[in-house]
1. Net charge near Asp184: determine it from the other residues with C-beta under 10 Å of the C-beta of Asp184, scoring Lys and Arg +1 and Asp and Glu -1.
2. For the chain, what is the relative contact order in percent, using Cα pairs closer than 8 Å and at least 6 residues apart in sequence?
3. Ordering Arg80, Arg60 by accessible area with a probe of 1.4 Å, largest first, what comes out?
4. Largest first, what is the accessible-area ranking of Lys86, Lys3 with a 1.4 Å probe?
5. Share of antiparallel DSSP beta bridges in the chain, in percent to the nearest 5?
6. Please check: in the Gaussian network model of the chain (C-alpha springs, under 10 Å), which one of Ser180, Ser93, Ser205 has the largest mean-square fluctuation.
7. Enter the angle in degrees (range 0 to 90, nearest 10) between the Cα long axis of helix 38-48 and the first principal axis of the Cα atoms of the chain, meaning the one along which they spread out most.
8. Considering only protein heavy atoms, what is the solvent-accessible area of Leu223 at a probe of 1.4 Å, reported in Å² to the nearest 10?
Amino acid sequence: MSKHIRKAVFPVAGLGTRFLPATKAMPKEMLTVVDRPVLQHVVEEAREAGIEHFIFVTGRNKGVIEDHFDIAYELEDTLRKRGKAKEYELLMSALPPPGATSFTRQQAPLGLGHAIWCARDIVGDEPFAVLLPDMVTMGTGPKKNRCLSQCMDAYNSYGGNIIAVEEVPKEDTDQYGIVSLGKDFGDTFEITGMVEKPPKGTAPSNLIISGRYILGPEIFDLLSKGKQGAGGEIQLTDSMIELAKMQSFHGVRFDGRTFDCGSKLGFLAANVAFALADPALASGFQNELRKIVGGF
Ligand code: UTP
């Protein structure tokens with residue numbers, strides 16, 4: 001039987017240069033999609049999937065992330081005294097239990113693989129999940145469950161390593177990590193190969209590695225080699241390629257939508273989609289959108 005996945009790593013040490021100047025003094029993971037930071041959406045997805053311990057790999061200027069997942073005594077006390085029970089409950093329901101968060105620093109943004117490696121001692125010798133906080137997912141399938149829950153279902157069926165994938169237009173494949181397909185079961189399939197940012201026209205498929213993973217702890221030994229890959233960065237994909245020589249990898253076609261909130265377009269689309277999915281905002285927001293699209 002596969003080992004239970006208890007821990008998730010959130011790499012949040014990137015510089016967010018695509019969002020300057022917004023990210024000069026504020027981490028990009030704290031930009032809001034409707035009423036909560038991008039990172040809170042992703043932590044909620046992990047909680048929904050049964051994650052019990054949340055490991056954040058941060059960097060300089062990211063201290064506010066730690067505060068966000070802690071109590072805010074003065075604010076909570078004021079809300080209580082003013083009888084704002086709903087707002088107080090909203091804060092309390094998002095608070096991880098005491099001791100359920102860990103923070104470590106990457107020190108220098110040497111790449112995603114290096115960020116994950118920085119969590120090695122906190123993860124220890126057990127399989128774990130990775131969620132890229134840039135990628136915000138919305139479950140649109142019958143169960144409305146988000147991407148990591150669907151990865152957990154695949155893990156419970158197949159064990160080994162799991163990667164969520166998504167289709168992109170063929171001409172965009174050179175910007176992403178791409179998987180090769182083996183035996184196809186529909187929602188899931190065997191992964192027979194991976195390549196990071198293949199030159200145009202050489203990608204083995206148009207399925208990109210989309211930001212949710214379940215990995216065995218053996219990945220850390222491979223990452224510790226610190227080999228630089230595409231863009232001079234220590235790439236997670238390169239170590240996964242090595243791990244795939246020893247262990248199975250399955251891909252999960254996520255039944256839902258993923259928004260790349262690390263790009264302006266994806267971030268704006270996420271705000272529109274989440275606002276339209278919120279019953280308290282939907283009809284008013286639709287009216288506003290119609291006015292804007294119709295030229296005010
Ligand atoms: P990105 O490359 O999209 O993030 O990494 P970035 O570097 O912050 O963005 P831009 O291109 O400058 O705008 C994907 C995820 O991996 C994390 C980022 O924080 C992001 O969540 N990451 C990336 C790290 O934690 N450390 C790194 O060295 C690189």
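1. Residues close to Asp184 contribute a combined charge of 0.
2. Relative contact order, the chain: 22 percent.
3. Arg60, Arg80
4. Result of the area sort, largest leading: Lys86, Lys3.
5. 60 percent
6. Ser93
7. Around 70 degrees separate the two axes.
8. Rounded to the nearest 10, the figure is 10 Å².
The values are calculated or read from the model by the stated rules, or taken from the named source; none is laboratory data. What you see is a predicted model, and the numbers here were worked out from it, not measured in a lab. Don't worry about glycine lacking a Cβ; one is built from the backbone with ideal geometry, like all the others, and counts go over all protein chains shown. Note: areas computed on protein heavy atoms with side chains; ligands, DNA, RNA excluded. Shrake-Rupley method; radii C 1.70, N 1.55, O 1.52, S 1.80 Å.
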